[in-house]
Amino acid sequence: MLEKHHILKSDEIELVKRCVNNDRHAQNLLFKIYSKKMMAICFRYTKSREDAEDVLNDGFMRVFEKINTYQGIGSLEGWIRKVIVNVAIEKFRRGTQMYKHVDIETINISHQSSSDIYGELNAKELIIQIQKLPPAYQMVFNLYVFEGLKHREIAEQLGISEGTSKSNLSNARTWLKKRIEILSIEKKAI
């Protein structure tokens, strides 16, 4: 059953036990099972495939270092996801400037309805636009929208104020709306 990458709770527990014992086959299997989903998460937090792969690899290294702390409460996938997101946050905090400024005054929003704009964009195109957000906006947007964190939690994790978190989310939404609007116009012109 494990070889087909379909995991039942009891199989997950056995796989975790084997990973705790540094069983390389089990670690490889765990990576194969979850790496594709985790890579999609990594793409949201990075600017390039190379950066996403770095987060994924560092994240799984952390997973294998900390797997002995997984107590079987909640899903293994959810626990791995949290580890991966934490690695992305750490890399962000070490490697980028938190308060990068984007001049919002230069963004002109037309009156096209949001539902029209978003309906014309597929998930892959949206991820590409999220990757183009300034780093601080990208991080707050992902943590708020995809991870469901509150501004207080985001502020604590990133070492910023709640106001900065709210401002970055608002600016990210404005920036994305403008980018999506431009894409929509470009698609109609083709």
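The values are calculated or read from the model by the stated rules, or taken from the named source; none is laboratory data. Everything numeric in this text was worked out from a predicted model, so none of it was measured. Because the Cβ atoms are built from the backbone with ideal geometry, glycine has one as well, and the counts that use them run over all protein chains shown.
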Residues of segment 148-157 being buried (at least 17 other Cβ atoms within 10 Å of the Cβ) and not in a helix (DSSP H, G or I), in sequence order, are L149
Sole miss for I160 among (1) in contact (Cβ under 8 Å) with a residue 60 or more places away in the chain; (2) assigned to a helix (DSSP H, G or I) is condition (2)
Exercise. Does V55 qualify as being touching a Leu at 6+ places or on another chain (Cβ under 8 Å), at pLDDT 95 or above and surrounded by 13 or more Cβ atoms within 10 Å (Cβ to Cβ)?
Worked result: no
Within segment 41-92, residues in contact (Cβ under 8 Å) with a residue 40 or more places away in the chain and in contact with a Cys (Cβ under 6 Å, 6 or more places away or on another chain) come out as I67
Picked from segment 52-86 (must be in a loop (DSSP other than H, G, I, E, B) and among the polar types (S, T, N, Q)), the residue nearest to the chain's Cα centre (by Cα) is S75
Within segment 122-147, of all residues that are over 14 Å from N86 (Cα atoms) and not in a helix (DSSP H, G or I), the one farthest from the chain's Cα centre (by Cα) is N122
